[in-house]
Amino acid sequence: MMLKPYRLGVLLLTLLALPVMPSAPALAAPSAAAKGHTAAQITDFLTRFYGHHGPSAHDRENYVSPVLRERQQVNEEVDVLLCAQNEPQRISIGPVTVAQTAAVGWSTVTTHWASGGTDTFTAYVRLDSKPIRLDDVICAG
């Protein structure tokens, strides 16, 4: 039988006696998750923002991320907020998904056209945006 040196045994006992504490991010997670917009708030915002035929000039200026405003300036022939060239007949907002860990919420937006056709795109809102604003739009196909 081989005996361990006394110092190693004392070190192991000292380490085992230390209290186990969760890491700092684990402690901060509940308070971070409690902040930000809810799915209901994002639904209300997107419904108001898109309205029946698309966002107003005021909403485009005040409730859109700088990245989207810049993207619109570069793509003058397409409305990047609607992923279209024309004004839709009607707009509907799908259920909102909120990913607290990614700090983002999103919804599928459906545009309905006079021809009877529909198009969809995904609208993203950062949970921590103040005021709430459209952060990104990803066009389908």
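Can you work out which of the residues in segment 123-141 that are in contact with a Ser or Thr (Cβ under 8 Å, 6 or more places away or on another chain) and over 18 Å from GLN41 (Cβ atoms) is least open to solvent (accessible area, probe 1.4 Å)?
VAL137
Within segment 107-137, take every residue that is of a type in the set (Asp, Glu) and out of contact with any Cys (no Cβ under 7 Å at 6 or more places or on another chain) and give me the one that is farthest from ARG69 (Cα to Cα).
If we take residues in segment 107-137 being of a type in the set (Asp, Glu) and out of contact with any Cys (no Cβ under 7 Å at 6 or more places or on another chain), then ASP128 is farthest from ARG69 (Cα to Cα).
Listed here are the residues, each with its yes/no results for (1) farther than 13 Å from LEU134 by Cα; (2) open to solvent by less than 80 Å² (accessible area, probe 1.4 Å); (3) of a type outside the set (Ser, Thr, Tyr).
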position: ARG48; (1), (2), (3): no, no, yes
position: PRO55; (1), (2), (3): no, yes, yes
position: SER107; (1), (2), (3): no, yes, no
position: THR110; (1), (2), (3): yes, yes, no
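Report, by residue number, each residue of segment 64-77 that is in contact (Cβ under 8 Å) with a residue 60 or more places away in the chain and under 20 Å from PRO88 (Cα atoms).
VAL64, LEU68
Just name the residue that is nearest to the chain's Cα centre (by Cα) out of those in segment 84-105 that are of a type in the set (A, V, I, L, M, F, W, C), under 21 Å from THR38 (Cβ atoms) and surrounded by 15 or more Cβ atoms within 10 Å (Cβ to Cβ).
Among residues in segment 84-105 that are of a type in the set (A, V, I, L, M, F, W, C), under 21 Å from THR38 (Cβ atoms) and surrounded by 15 or more Cβ atoms within 10 Å (Cβ to Cβ), the one nearest to the chain's Cα centre (by Cα) is VAL104.
The values are calculated or read from the model by the stated rules, or taken from the named source; none is laboratory data. None of these values were measured; they are calculated from a predicted model. FYI the Cβ positions are ideal-geometry reconstructions off the backbone, even for glycines, and counts take in every protein chain you see. Just so you know, the surface numbers come from the protein's heavy atoms only, side chains and all, with ligands and any DNA or RNA stripped out. Shrake-Rupley method; radii C 1.70, N 1.55, O 1.52, S 1.80 Å.
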